[in-house]
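> Encoded as structure tokens, here's the structure I'll be asking about.
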Amino acid sequence: MALIVHKYGGTSMGSTERIRNVAKRVAKWVRAGHQLVVVPSAMSGETNRLLGLAKELAPSTQTADYARELDMIASTGEQVSVGLLSIALMAEGMESVSYTGWQVPIRTDSSFTKARIQSIDDQRVRADLESGKVVIITGFQGVDDEGNITTLGRGGSDTSAVAVAAAMKAAECLIYTDVDGVYTTDPRIVPEARRLRTVSFEEMLEMASLGSKVLQIRSVEFAGKYRVPLRVLSSFTPWDIPLDEEAKSGTLITFEEDENMEQAIVSGIAFNRDEAKITVMGVPDKPGIAFQILGPVADANIDVDVIIQNVSHDGKTDFSFTVHRNDYPRALELLKTQVAPATGATEVLGDPKICKVSIVGIGMRSHVGIASKMFRSLSEEGINIQMITTSEIKTSVVIDEKYMELAVRALHKAFDLDQPAAAA
Ligand code: ADP
Ligand code: ASP
Ligand code: MG
């Protein structure tokens, strides 16, 4: 008998029929002798609908008070899900109980809409499990020290599930979703994408941070920190497939590198459309200029991602960087009204229609020429690279948004990711 955490995403919880299927699957695991904690998301589309209602009344105002109310509203989606799933389990003859984040409690900091989990009290949950109940806990939310409801950022139910698994020292955390595992790239963009049987923790961390939304990045961080065995698998298989088969399906996130296994050089391609580019033109090329430009941006709590500074001409240079699209209007305004006058910049240009495409693979550590192969493949498609950033196991480029799908497809092919040998 083992303690297992199951997480079901929005599509998997998308209708009462699907919730019934989730209940039947969970009941199968319980009948096989396991203790189950289940962490569902809101029904698909529900979080967007709820946040949309708030925005109809007042568009985002960036204040903490406004963000607090957003969390109050958005957290209700998961509250409905846990109650429905509990009822569906009872209908299957199971004993079950549902809890919201504050009832467990799952303690977080007070960063509304992007709170971080600080601790989880496992007492209540353990007592219920011991008494034979299935425990269902809302994904995506917690409570801060003042008793305010917080949420963990979009896609945050993954993080709730892994954090609960870590706190409970669960034998495994199974992330059930609408695809049957982690693919070489988003199968919605490249139909030839292949499922990876295993993916290393480091690669998964990069893929999640670079935009693959199959797992929220913080869930991967938690899994790494607490060594939570983590598997991504489909909730759309028939619920009554043999448990042994189901338990081995999908993609396992691995922590040890298997030395016997030939590592694919590039394991996956990630992309995101969440960033925007800002260029500050004609600033004096002198020590401290990067700080003069980016200091006020950081003070405004705006994260900067890719940065480049051009060679200087006549003592002047151009400086470009990317920010999240949500922060773009604020960043542009700040640069135009404060930074440009203070630094003597000639112009501030903005471009929200960019995207970032990245190749990821731990095999890149031991191979040269991977980045140049990426650049060649993009140039053959006539795609202009605006910015480049690299690390040991990834190379990212910023390009025009309209070429995103073309770039992902071309790179997928160039690195043979559609070939069986490439996928471990
Ligand atoms: P859930 O609601 O279950 O949390 P998400 O929509 O958050 O599901 O994540 C699953 C989706 O992630 C898939 O439908 C797929 O389109 C997308 N995705 C992006 N990159 C990948 C990838 N590399 N492998 C698998 N799915 C991916
Ligand atoms: N319901 C939340 C969202 O849509 C959390 C999640 O689905 O993981 O972002
Ligand atoms: Mg998700």
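The values are calculated or read from the model by the stated rules, or taken from the named source; none is laboratory data. Because the structure is predicted, anything quoted here is derived from the model rather than measured. FYI the Cβ positions are ideal-geometry reconstructions off the backbone, even for glycines, and counts take in every protein chain you see. Just the protein is used for accessible areas: all its heavy atoms, side chains included, with ligands, DNA and RNA removed. Shrake-Rupley method; radii C 1.70, N 1.55, O 1.52, S 1.80 Å.
> Quick one: which residue in ALA42, ALA74 is open to solvent by less than 40 Å² (accessible area, probe 1.4 Å), over 17 Å from GLU146 (Cβ atoms) and in a loop (DSSP other than H, G, I, E, B)? So that I can check it myself, show each step before the final result.
Numbers: ALA74 fails: in a loop (DSSP other than H, G, I, E, B).
So the residue among ALA42, ALA74 that is open to solvent by less than 40 Å² (accessible area, probe 1.4 Å), over 17 Å from GLU146 (Cβ atoms) and in a loop (DSSP other than H, G, I, E, B) is ALA42.
> Looking only at the stretch 15-28, how many residues end up being open to solvent by 10 Å² or more (accessible area, probe 1.4 Å) and either closer than 14 Å to TRP239 by Cβ or within 13 Å of ligand 3 (Cβ to nearest atom) (or both)?
6
> Here's another thing I want to ask about it. Considering (1) of a type in the set (Val, Ile, Thr); (2) part of a strand (DSSP E or B); (3) within 30 Å of ALA300 (Cα to Cα), say which one THR113 fails and leave the rest.
(2)
> If I go through the stretch 144-184 residue by residue, how many of them are on the phi < 0 side of the Ramachandran plot, over 14 Å from the mean Cα position of the chain (by Cα) and open to solvent by less than 10 Å² (accessible area, probe 1.4 Å)?
Within the stretch 144-184, residues that are on the phi < 0 side of the Ramachandran plot, over 14 Å from the mean Cα position of the chain (by Cα) and open to solvent by less than 10 Å² (accessible area, probe 1.4 Å) number 11.
> Another question, if that's okay. Does ALA167 qualify as being closer than 30 Å to ASP122 by Cβ and away from ligand 3 (no atom under 16 Å from the Cβ)?
When the stated conditions are applied, ALA167 passes them.
> Being within 28 Å of ALA414 (Cα to Cα), in contact (Cβ under 8 Å) with a residue 12 or more places away in the chain, acidic (Asp, Glu) and out of contact with any Pro (no Cβ under 6 Å at 6 or more places or on another chain) is true for just one of ASP318, ASP305, ASP351. Which residue is that? Break it down stepwise before answering.
Details: ASP318 fails: within 28 Å of ALA414 (Cα to Cα); ASP351 fails: within 28 Å of ALA414 (Cα to Cα).
Step by step, each of ASP318, ASP305, ASP351 is checked, and only ASP305 is within 28 Å of ALA414 (Cα to Cα), in contact (Cβ under 8 Å) with a residue 12 or more places away in the chain, acidic (Asp, Glu) and out of contact with any Pro (no Cβ under 6 Å at 6 or more places or on another chain).
> Considering every residue within the stretch 231-254, establish whether at least one is among the hydroxyl-bearing types (Ser, Thr, Tyr), at pLDDT below 95 and more than 10 Å from ligand 1 (Cβ to nearest atom).
Yes, because at least one residue in the stretch 231-254 is among the hydroxyl-bearing types (Ser, Thr, Tyr), at pLDDT below 95 and more than 10 Å from ligand 1 (Cβ to nearest atom).
> If I go through the stretch 116-128 residue by residue, how many of them are assigned to a helix (DSSP H, G or I) and in contact (Cβ under 8 Å) with a residue 12 or more places away in the chain? Write out each step before concluding.
Taking the stretch 116-128 as the starting set, the residues that turn out to be assigned to a helix (DSSP H, G or I) are 123-128.
Right, trim to in contact (Cβ under 8 Å) with a residue 12 or more places away in the chain and you get 124-126, 128.
Residues that pass the stated criteria total 4.
> Is it true that ILE136 is away from ligand 3 (no atom under 14 Å from the Cβ), open to solvent by less than 10 Å² (accessible area, probe 1.4 Å) and part of a strand (DSSP E or B)? I'd like the intermediate steps shown before the answer.
On the way: away from ligand 3 (no atom under 14 Å from the Cβ): yes; open to solvent by less than 10 Å² (accessible area, probe 1.4 Å): yes; part of a strand (DSSP E or B): yes.
Yes; evaluated as a whole, the condition is true for this residue.
> Among what's in the stretch 209-260 and is within 16 Å of ligand 2 (Cβ to nearest atom) and in a loop (DSSP other than H, G, I, E, B), pick the residue that is farthest from VAL360 (Cα to Cα).
SER235
> Scan the stretch 184-197 and tell me whether some residue there is assigned to a strand (DSSP E or B) and either without any contact (Cβ under 8 Å) to a residue 12 or more places away in the chain or within 13 Å of ligand 1 (Cβ to nearest atom) (or both).
For the stretch 184-197, residues assigned to a strand (DSSP E or B) and either without any contact (Cβ under 8 Å) to a residue 12 or more places away in the chain or within 13 Å of ligand 1 (Cβ to nearest atom) (or both): present.
> Across the stretch 209-222, what is the total count of residues that are without any contact (Cβ under 8 Å) to a residue 24 or more places away in the chain and within 13 Å of ligand 3 (Cβ to nearest atom)?
Residues flagged as without any contact (Cβ under 8 Å) to a residue 24 or more places away in the chain and within 13 Å of ligand 3 (Cβ to nearest atom) within the stretch 209-222 amount to 1.
> Taking only pairs six or more apart or across chains, which ones have beta-carbon atoms under 6 Å, a first residue in the stretch 129-145 that is in contact (Cβ under 8 Å) with a residue 60 or more places away in the chain, and a second residue that is within 16 Å of ligand 3 (Cβ to nearest atom) and open to solvent by 10 Å² or more (accessible area, probe 1.4 Å)?
Within 6 Å, the pairs are GLY139/SER41.
> Next question. Among the candidates LEU174, LEU152, LEU205, single out the residue that is more than 15 Å from ligand 3 (Cβ to nearest atom) and at pLDDT 95 or above.
Only one candidate passes the filter, namely LEU205.
> Another question about this same structure. Working only within the stretch 77-126, note down all residues that are open to solvent by less than 70 Å² (accessible area, probe 1.4 Å), within 16 Å of ligand 2 (Cβ to nearest atom) and touching an Asp or Glu at 6+ places or on another chain (Cβ under 7 Å).
If the condition is that a residue be open to solvent by less than 70 Å² (accessible area, probe 1.4 Å), within 16 Å of ligand 2 (Cβ to nearest atom) and touching an Asp or Glu at 6+ places or on another chain (Cβ under 7 Å), then GLY77, THR108, PHE112, THR113, ALA115 are the ones that fit.
> While we're here: Got a sec? Which of ASP299, ASP303, ASP274, ASP314 is within 16 Å of ligand 1 (Cβ to nearest atom) and open to solvent by 70 Å² or more (accessible area, probe 1.4 Å)? Break it down stepwise before answering.
Numbers: ASP299 fails: within 16 Å of ligand 1 (Cβ to nearest atom); ASP303 fails: within 16 Å of ligand 1 (Cβ to nearest atom); ASP314 fails: within 16 Å of ligand 1 (Cβ to nearest atom).
Testing whether each residue is within 16 Å of ligand 1 (Cβ to nearest atom) and open to solvent by 70 Å² or more (accessible area, probe 1.4 Å) leaves just ASP274.
> Taking the conditions exactly as written (more than 29 Å from GLY363 (Cβ to Cβ) and either touching a residue at least 60 places away in the same chain (Cβ under 8 Å) or open to solvent by less than 70 Å² (accessible area, probe 1.4 Å) (or both)), does LEU294 satisfy them or not? Give the derivation first.
On the way: more than 29 Å from GLY363 (Cβ to Cβ): yes; either touching a residue at least 60 places away in the same chain (Cβ under 8 Å) or open to solvent by less than 70 Å² (accessible area, probe 1.4 Å) (or both): yes.
Taking the combined requirement at face value, the residue satisfies it.
> Pick out, from the stretch 310-424, the helices (runs of 4 or more DSSP H) lying fully within it that include 2 or more residues that are modelled with pLDDT of 95 or more and under 23 Å from the mean Cα position of the chain (by Cα).
404-414
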